[in-house]
Amino acid sequence: MKEQWEKDGLFRVELVEERDFTTYQKRSLKGEFDVHLYQWIPDFPDADTFVQPLVGTGNVLGNGYTSAEVDHAIRDTQRFTDRSKAIQRFRAVQDTIAKDAPLIPVWHKQRHVVTRSTVLGGHLLAEDAIWRLWELRRL
């Protein structure tokens with residue numbers, strides 16, 4: 001990734017390796033890094049698990065992004081128990097985020113799942129971003 005970013009001379013990348021996540025998080029929230037990476041894994045299969053925490057006002061990334069339009073759309077999506085009815089509002093959030101670009105996702109999909117020989121279904125955990133723990137079975 002470093003080589004890709006520096007290839008055209010637009011970026012100069014200095015890698016800082018912080019092994020303690022709590023320290024890393026505090027440093028990134030204080031703005032010590034121009035670019036920092038977080039891994040975000042949803043805990044349930046709903047678009048809101050990616051939206052409100054990452055782009056809502058006061059988001060966990062601490063990037064200072066705020067948008068009344070996005071916050072309003074997020075609140076609208078949360079009032080539907082039938083999640084298919086929230087799709088249009090999520091599209092509106094997506095359009096605003098694409099225009100404002102408060103963060104740039106860098107996709108790096110490399111998943112490893114390790115299980116014991118007595119646990120079945122471990123391969124299903126690595127298929128996508130959703131940890132399907134209910135798929136695990138014991139022999």
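Find how many whole Å separate the alpha carbon centroid of the range 1-70 from the alpha carbon centroid of the range 82-102. Between the Cα centres of the range 82-102 and the range 1-70 lies a distance of 20 Å.
Taking a ≥ b ≥ c as the square roots of the Cα gyration tensor eigenvalues, the chain comes out oblate, since a/c reaches at least 1.5 and a/b does not exceed b/c. A simple count of charges around Thr77, restricted to other residues whose Cβ falls under 12 Å of its Cβ and scoring Lys, Arg +1 and Asp, Glu -1, yields +1. List the residues, sorted by chain then number, that are 5 or more residues from Leu120 or on another chain and whose placed amide H is less than 5 Å from its amide H. Those qualifying (amide H under 5 Å, at least 5 residues apart or on another chain) are Arg137, Arg138, Leu139. Computed extension length for Asp71-Phe50: 6.2 nm, one decimal, from 0.36 nm per residue of separation with the Cα-Cα distance subtracted.
Between Asp20 and Val113, the modelled labels are 3.4 nm apart [label points 7 Å from Cα along Cα→Cβ].
Of the GluC sites (Glu not before Pro) found in the range 4-41, those that fall in a DSSP loop while having at most 14 other beta-carbon atoms within 10 Å are Glu14, Glu17, Glu32. In percent, rounded to a whole number, the relative contact order of the chain is 15, using alpha-carbon pairs under 8 Å and six or more apart.
Rolling a 1.4 Å probe over the heavy atoms of the protein chains gives the range 1-90 an accessible area of 75 Å² per residue.
The values are calculated or read from the model by the stated rules, or taken from the named source; none is laboratory data. Owing to the predicted nature of the structure, the values given are computational and were not obtained by experimental measurement. When we count neighbours, we look across all protein chains shown, and the Cβ atoms used for this are built from the backbone with ideal geometry, even at glycine. Each accessible area value is taken on the protein alone, full model and side chains, heavy atoms only, with ligands, DNA and RNA left out. Shrake-Rupley method; radii C 1.70, N 1.55, O 1.52, S 1.80 Å.
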